[in-house]
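The values are calculated or read from the model by the stated rules, or taken from the named source; none is laboratory data. Only a predicted model underlies this, so the values are computations on that prediction, with no experimental measurement involved. Cβ atoms come from the backbone with ideal geometry, glycine included; neighbour counts cover every protein chain shown.
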Ligand SMILES: NC(=O)C1=CN([C@@H]2O[C@H](COP(=O)(O)OP(=O)(O)OC[C@H]3O[C@@H](n4cnc5c(N)ncnc54)[C@H](O)[C@@H]3O)[C@@H](O)[C@H]2O)C=CC1
Ligand SMILES: NCC(=O)COP(=O)(O)O
């Protein structure tokens, strides 16, 4: 089984490039699997020098990348080179950001890499350049769906050793959540989560805990009707499919340690309901995983951190966890030891 991972540059003005340098330097101590960096070696080399990080870079093709990883950081050169300055995002770099993601997916689809690991992108910067997807999650589904009958439905999961969460609705305004939250969407999300937890995480019988949408899960309808009308029927349907689903639970009491012991993943009904608990508990080593795709994708759980980019203080923990988890998922899928 191919072990090499494809690591995208992310926004070249963000912390992604320096995290890639740090992850390579710490590869032995942190048990980092081999990866190839999709980016621009000239820009990376300037950054490495400025940060005083002695990292040998080697421009390679996919075939050489895995073997050279022990002695140099392999770089798959992009056609769209970055003119990036750390901390100064520029929509002019969008083409390279997108190229890295597309070529990473292609490498996985063609068997050159086992999984794609994406460094953070700044959504607003890409939007300014005409990017029409809310984020990686939806873009990856669109790319992975090319040439297929239907676009796969992507599910965002943020995973750590202590807690895994899924936001059922993702990057939409809060005001639109009640309208877009349907029983069908919850069932599909739960079904995909259960299937991928089995296939790619080796959880034999995944336990799903579902948050209510409203305070106190609706307080019998006094604080909102969606919990009984939309969430509860979804749980019934998931159970009818043989999936161990429970709830709807008041979200405020679902994330303390004793509650967490009772499930494998918690489904929040909107982005912040799911992500605030995990970013509180595991900000440094949480991993963003896209479920429901034909390929494996992980990412650090943080963003581009323009405020600290280029200062050499960004922590590589989450990227390292994302690299390790991608390798572990690939091994689980292929029945090989991680
Ligand atoms: N997977 C992805 O591509 C993601 C992209 N983003 C994007 O990132 C941009 C900035 O988002 P923010 O909400 O500001 O979140 P952020 O995670 O970039 O930054 C939040 C705070 O955490 C700090 N921080 C983040 N990562 C760190 C690290 N590795 N080490 C030390 N400190 C770190 C930052 O300095 C900042 O103070 C947005 O455009 C957003 O869309 C956000 C989350 C995920
Ligand atoms: N808040 C999580 C996030 O923004 C990650 O989005 P994506 O780019 O992985 O879709």
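Here's the yes/no breakdown for (1) more than 13 Å from ligand 2 (Cβ to nearest atom); (2) over 19 Å from residue 283 (Cα atoms); (3) in contact (Cβ under 8 Å) with a residue 12 or more places away in the chain:
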| site | (1), (2), (3) |
| --- | --- |
| 135 | no, yes, yes |
| 138 | no, yes, yes |
| 151 | yes, yes, no |
| 156 | no, no, yes |
| 165 | no, no, yes |
| 170 | no, no, yes |
| 174 | yes, yes, yes |
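For the list (1) in the same structural domain as residue 140 (by TED's automatic domain parsing); (2) over 15 Å from the mean Cα position of the chain (by Cα); (3) away from ligand 1 (no atom under 11 Å from the Cβ); (4) assigned to a loop (DSSP other than H, G, I, E, B), I need the number of the one condition that residue 331 fails. Answer for residue 331: the failing condition is (4). Looking only at the stretch 51-79, residues that are loosely packed, with under 15 Cβ neighbours inside 10 Å, assigned to a loop (DSSP other than H, G, I, E, B) and either free of Cβ contacts under 8 Å to residues at least 60 places away in the same chain or within 23 Å of the chain's Cα centre (by Cα) (or both) come to 6 in all. Selection of the stretch 120-142 for residues being surrounded by 21 or more Cβ atoms within 10 Å (Cβ to Cβ), in a helix (DSSP H, G or I) and within 9 Å of ligand 1 (Cβ to nearest atom) yields 125, 126, 136, 137. Might you check whether a residue that is within 16 Å of ligand 2 (Cβ to nearest atom) and farther than 30 Å from residue 113 by Cβ occurs anywhere in the stretch 232-250? Scanning the stretch 232-250, I find no residue that is within 16 Å of ligand 2 (Cβ to nearest atom) and farther than 30 Å from residue 113 by Cβ, so the answer is no.
All conditions but one from (1) within 18 Å of residue 35 (Cβ to Cβ); (2) more than 16 Å from ligand 2 (Cβ to nearest atom); (3) buried (at least 17 other Cβ atoms within 10 Å of the Cβ) apply to residue 334; the one that does not is (3). Out of all the residues in the stretch 229-236, is one or more in contact with a helix residue (DSSP H, G or I) (Cβ under 8 Å, 6 or more places away or on another chain) and not in a helix (DSSP H, G or I)? No, that holds for no residue.
For (1) modelled with pLDDT of 95 or more; (2) surrounded by fewer than 22 Cβ atoms within 10 Å (Cβ to Cβ); (3) part of a helix (DSSP H, G or I), each residue gets a yes or a no:
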| position | (1), (2), (3) |
| --- | --- |
| 11 | yes, no, no |
| 14 | yes, no, no |
| 28 | yes, yes, no |
| 31 | yes, yes, no |
| 37 | yes, no, no |
| 46 | yes, yes, yes |
| 49 | yes, yes, yes |
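Considering only residues in the stretch 89-119 that are within 14 Å of residue 304 (Cβ to Cβ) and not in a helix (DSSP H, G or I), the one that is farthest from the chain's Cα centre (by Cα) turns out to be 90. Only a single item in (1) assigned to a loop (DSSP other than H, G, I, E, B); (2) surrounded by 21 or more Cβ atoms within 10 Å (Cβ to Cβ); (3) out of contact with any strand residue (DSSP E or B) (no Cβ under 7 Å at 6 or more places or on another chain) is not met by residue 311, and it is number (2).
Entry remark, the stretch 174-203: residues being at pLDDT 95 or above, under 23 Å from the mean Cα position of the chain (by Cα) and not in a helix (DSSP H, G or I) number 2 in total.
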